[in-house]
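What follows is one structure encoded as structure tokens, with my remarks underneath.
The values are calculated or read from the model by the stated rules, or taken from the named source; none is laboratory data. Quantities reported herein were computed from a predicted structural model and do not represent experimental measurements. Note: accessible area is taken over every heavy atom of the protein model, side chains too, but ligands, DNA and RNA are not part of it. Shrake-Rupley method; radii C 1.70, N 1.55, O 1.52, S 1.80 Å.
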Amino acid sequence: MSPSSLAAFKAQAEELGRAGFAARYPLGLLVRFPTESVASAEGSAEDETAVFSRATLGSRSAQADWILAPLVKRPGNPFPTQLFVGRARQSDICLEDASVTRVHAYFKLGDGVVVGLRDCGSGNGTFVNGVRLGPEELCPVRPGDRVAFGVVELQLLTALVAHGFLSWA
């Protein structure tokens, strides 16, 4: 199970070390960096999906909160080469925000890496580095890219880079 709070991610990063953390999250993480305060994500022991609530995503003060969403396929979810992002709790990454549709987009996986991002016909769009994806367009993505699902903007980081940020957070 993935950690569900900044403190838990920090503890895991310290316990596993750089190489172990990278091995645990080979696809990387989606991160939103704070500007003021730190918050956590919801989750349960039997659920690999971290759920980011409206309170964490939507309020003006919440825009300052950390979001750490590991790119991890939820056990039992179909389509092993697609990592889904959406508002539905069954998504691999659940973002509970009104601008995010139930099945908003998915990361295309290949050979153990993220190779692209595709919008699933969302109303508010999926963006890579500020550019809206066209219908059914598979856009290549790489670490460092900024991705947005509706108004929820995150940055794609390798686990090694995320580990470095966690060491000073």
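Quick notes
- Radius of gyration, Dmax [the range 72-163; alpha carbons; angstrom]: 12.3, 34
- In sequence order, calculated HN-Hα J values of the range 70-79 (Karplus, 6.51, -1.76, 1.60; Hz; x Gly/Pro): x, 7, 10, 6, 5, x, x, 6, x, 6
- Accessible-area order (highest first, 1.4 angstrom probe) of the listed residues 99, 5: 5, 99
- With all pairs of different C-alpha atoms in the average, the Kirkwood value for the hydrodynamic radius of the range 129-169 is 11.8 Å.
- Whole-Hz Karplus values for the range 154-169 come out as 9, 10, 7, 10, 6, 5, 5, 5, 4, 4, x, 5, 5, 5, 10, 5 Hz, taken residue by residue from phi with 6.51 cos²θ - 1.76 cosθ + 1.60 and θ = phi - 60°; glycine and proline positions read x.
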